[in-house]
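In what follows, a structure is listed as structure tokens, so that the remarks can point back to it.
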Amino acid sequence: MKLLEDRILKDGIVREGNVLKVDSFVNHQIDVDFIAELAKEFKRLYEGEEITKILTIEASGIGIACIVAQEFHVPVLFAKKNKTINIANDVYTSKVESFTHKRSYDIIVSKDFLKPEDKVLIIDDFLAMGSAMQGLISLIRDAGATIVGAGIIIEKAYQQGGQMIRDMGVRVESLARIKSMDNNTIEFIH
Ligand code: 5GP
């Protein structure tokens, strides 16, 4: 999506350790009108699909997912990063390895909010190694719900996540796909 690529080139900052910072419009300050344009693109891509729920992961996914949900008129459910040792049996749980924070944690959603009849669109800001996405997929499958697909703002396509998730049979739509990045240049796949 040209609008997004131009914004990444203008405001994105490539940090050491292969991290792209988009704090001025996605991850810290949120440009709501801009994300609303991205939401319209997700709506266009998933036009005709039945979707009953949007699933994301706290914290950075929540704001984005809420703006996307305004296009689809469905609730947003966000997986919580679990801090307690004992996992209650009224939740679905799975493990996520964090690429940016270099640690692993459990994510949970309540069984009350994810049901076998749900048709779920996953929304997230980044797709890198695919661990966050894999964790969300696992929650949906445990609930016996249907995965309609995933909508990602930025896919770092040179990392393995996108391929891995597509190989699992899940539709992935990324609005910007980065082929390579270093301090001076960011290249996209079209
Ligand atoms: P994955 O599990 O696919 O490796 O990483 C997905 C999560 O890690 C995203 O939800 C995002 O929060 C974070 N992430 C991965 N790579 C980047 C990056 O280059 N920049 C930022 N800002 N977040 C990233």
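The values are calculated or read from the model by the stated rules, or taken from the named source; none is laboratory data. Please read all numbers here as calculations on a predicted model, not as lab measurements. Heads up, the Cβs are rebuilt from the backbone with ideal geometry, glycines too, and the neighbour counts pull from every protein chain shown.
Odds and ends about this structure:
- Cβ-Cβ distances below 7 Å connect the following pairs, each with a first residue in region 127-152 that is of a type in the set (S, T, N, Q), a second residue that is in a strand (DSSP E or B) and away from the ligand (no atom under 13 Å from the Cβ), and a separation of six or more residues or different chains: 146/119; 146/120.
- Matching residues, region 32-60, being within 30 Å of residue 105 (Cα to Cα), surrounded by 14 or more Cβ atoms within 10 Å (Cβ to Cβ) and modelled with pLDDT of 95 or more: 35, 38, 39, 42, 51, 52, 53, 54, 55, 56, 57
- Verdict on residue 186 being within 12 Å of the chain's Cα centre (by Cα) and either more than 9 Å from the ligand (Cβ to nearest atom) or surrounded by fewer than 19 Cβ atoms within 10 Å (Cβ to Cβ) (or both): no
- When region 162-190 is filtered for residues that are within 13 Å of residue 123 (Cα to Cα) and assigned to a strand (DSSP E or B), the ones remaining, listed by number, are 172, 173, 174, 175.
- Pair list, Cβ < 7 Å and 6+ apart or interchain, from region 11-27 residues that are under 20 Å from residue 65 (Cβ atoms) to residues that are near the ligand (Cβ under 6 Å from one of its atoms) and modelled with pLDDT under 95: 27/60
- Here is the figure for region 153-190: residues that are under 20 Å from residue 3 (Cβ atoms), in contact (Cβ under 8 Å) with a residue 24 or more places away in the chain and touching an Asp or Glu at 6+ places or on another chain (Cβ under 9 Å) total 12.
- Note on region 136-161: residues that are surrounded by fewer than 22 Cβ atoms within 10 Å (Cβ to Cβ) and either assigned to a helix (DSSP H, G or I) or touching a Leu at 6+ places or on another chain (Cβ under 7 Å) (or both) amount to 8.
- Considering residues of region 3-31 that are over 15 Å from residue 181 (Cβ atoms) and surrounded by 12 or more Cβ atoms within 10 Å (Cβ to Cβ) only, the residue farthest from the ligand (Cβ to nearest atom): 3
- Restricted to region 112-134, and to residues there that are part of a loop (DSSP other than H, G, I, E, B) and near the ligand (Cβ under 7 Å from one of its atoms), the residue that is farthest from residue 43 (Cα to Cα) is 129.
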